[in-house]
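This report refers to the structure that appears directly beneath it.
The values are calculated or read from the model by the stated rules, or taken from the named source; none is laboratory data. What you see is a predicted model; the values in this text were computed from it and never measured. Glycine also receives a Cβ, built like all others from the backbone with ideal geometry; neighbour counts cover every protein chain displayed. Accessible surface is based on the protein model in full, side chains and every heavy atom, while ligands, DNA and RNA are left aside. Shrake-Rupley method; radii C 1.70, N 1.55, O 1.52, S 1.80 Å.
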Amino acid sequence: MNPYALSMLMSSLAMGTIITLSSSHWFLAWMGLEINTLAIIPLMTKMHHPRATESATKYFLTQATASALLLFSTAMNAWVTGEWTIMNMNSYTPTTILTIALAIKLGIAPFHLWLPDVLQGLDMMTCLILSTWQKLAPMALLILTSYQLNANLLTLMALASAIIGGWGALNQTQMRKIMAYSSIAHLGWMTLVVSFAPGLALLNLTIYLMMTSSMFMMLMTLNATNMNKLSISWLKTPTLAASMMAGLLSLGGLPPLSGFLPKWLILQEMTKHHLGVLSTVMALSALLSLFFYLRLSYMISMTSPPNISNANLAWRKKNNPSLINPILVVLSTMLMPITPMLLM
């Protein structure tokens, strides 16, 4: 892609998110979301492949539906209350429609079916943007309006997301689909706690962004799009394979890695609100996710693939060293010591 076009699209992506984050008016927030959607579609179709075109079409249709619902709910709220302020959503019907619109935008179950298919048709860099940056604006709106939304509906969607996110990835071999289901499961945890403690949802989002970014950057370095390619990664870059194993276990939420921190704090918050059964179901659903992360870790570190090790693919290339990846790996695995500071 032309560097000038690419810089313009990336600037538009940044501008769309910043407009949504800084707005107090629903129309401005909607406009930011639209700029975001329109800026990423050319990035999706830059591969000139039927799968990429299909992904871009699916993404456009789902996001357009979500944007229409969001505009409809805010217009209905303005009709009832007489204002377009984000912080003033008091009517039951507009808040329910808004919850559904934001769930479609984010890919929360049961509105998650577009996410794995869209990610599967894209290149890794666009997948990274879609899984991280594109979650910021809708998640900010969800956190801002969390105390006005229907808590029961959010809890049901969170439970469905955590279960489907764990269950859906069990049978997958493609890394992009596995990361999509991982995203759905993590969004379930954020949606669960957003009504009770928005600060915890923000912490979970921050750690999710760091873990997912580091994972996608490692997959890009290894050029691994499926499990077979992942199994020969230790032949190419042993250090990166070890880092990836730690990153996967962190995504699964194993202590003492960073991924355990938000899950622990969320379960603690749920038990404070006397939601023991819900906490138990969420913890069990995390085991489903942990199973496929452990399977990937096992494939990276403990299996010897039936490939000829001196094949062209397995040669160790000199990659240009980047400081971003090691920093992200450290942050996504070693944040547990800051727990006392967060609890204070």
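You will find that of GLN172, GLN148, the residue that is touching a Phe, Trp or Tyr at 6+ places or on another chain (Cβ under 9 Å) and at pLDDT below 95 is GLN172 and no other. Listed by first and then second residue, the pairs linking a residue in the range 228-254 that is aromatic (Phe, Trp, Tyr) to a residue that is open to solvent by less than 10 Å² (accessible area, probe 1.4 Å), with Cβ atoms under 9 Å apart and 6 or more places separating them unless they lie on different chains, are TRP234/ALA241; TRP234/ILE300. The criterion of being open to solvent by 10 Å² or more (accessible area, probe 1.4 Å), part of a helix (DSSP H, G or I) and within 30 Å of LEU222 (Cα to Cα) does not hold for ILE143. Test MET124 against the stated conditions and say whether it is touching a helix residue (DSSP H, G or I) at 6+ places or on another chain (Cβ under 8 Å) and under 30 Å from ALA224 (Cα atoms). Judged against the criteria, MET124 is a match. Suppose we keep only residues that are in a helix (DSSP H, G or I) and open to solvent by 30 Å² or more (accessible area, probe 1.4 Å) within the range 121-140. Which one would you say is farthest from MET31 (Cα to Cα)? Filtering first and then ranking leaves MET125. Take the conditions of a type in the set (Val, Ile, Thr), within 23 Å of PHE291 (Cα to Cα), crowded, with 19+ Cβ neighbours inside 10 Å and out of contact with any Ser or Thr (no Cβ under 8 Å at 6 or more places or on another chain) and apply them to ILE163. Does it pass? No: the conditions fail for ILE163. Against the criterion of being assigned to a helix (DSSP H, G or I), in contact (Cβ under 8 Å) with a residue 40 or more places away in the chain, touching a Leu at 6+ places or on another chain (Cβ under 7 Å) and open to solvent by 20 Å² or more (accessible area, probe 1.4 Å), THR155 qualifies.
Residue-wise test of (1) among the hydrophobic types (A, V, I, L, M, F, W, C); (2) farther than 26 Å from ILE266 by Cα.
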site	(1), (2)
MET87	yes, no
MET124	yes, yes
LEU128	yes, no
TYR147	no, no
ALA162	yes, no
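Inside the range 288-309, residues that are open to solvent by less than 30 Å² (accessible area, probe 1.4 Å) and either closer than 23 Å to THR239 by Cα or modelled with pLDDT of 95 or more (or both) make up a count of 7.
Would the range 266-287 turn up any residue that is within 19 Å of THR132 (Cα to Cα) and either in a helix (DSSP H, G or I) or open to solvent by 10 Å² or more (accessible area, probe 1.4 Å) (or both)?
no
For the range 247-265, a residue qualifies if it is in a helix (DSSP H, G or I) and open to solvent by less than 50 Å² (accessible area, probe 1.4 Å), and the qualifying residues are GLY247, LEU248, LEU249, SER250, LEU251, GLY252, LEU261, PRO262, LYS263, LEU265.
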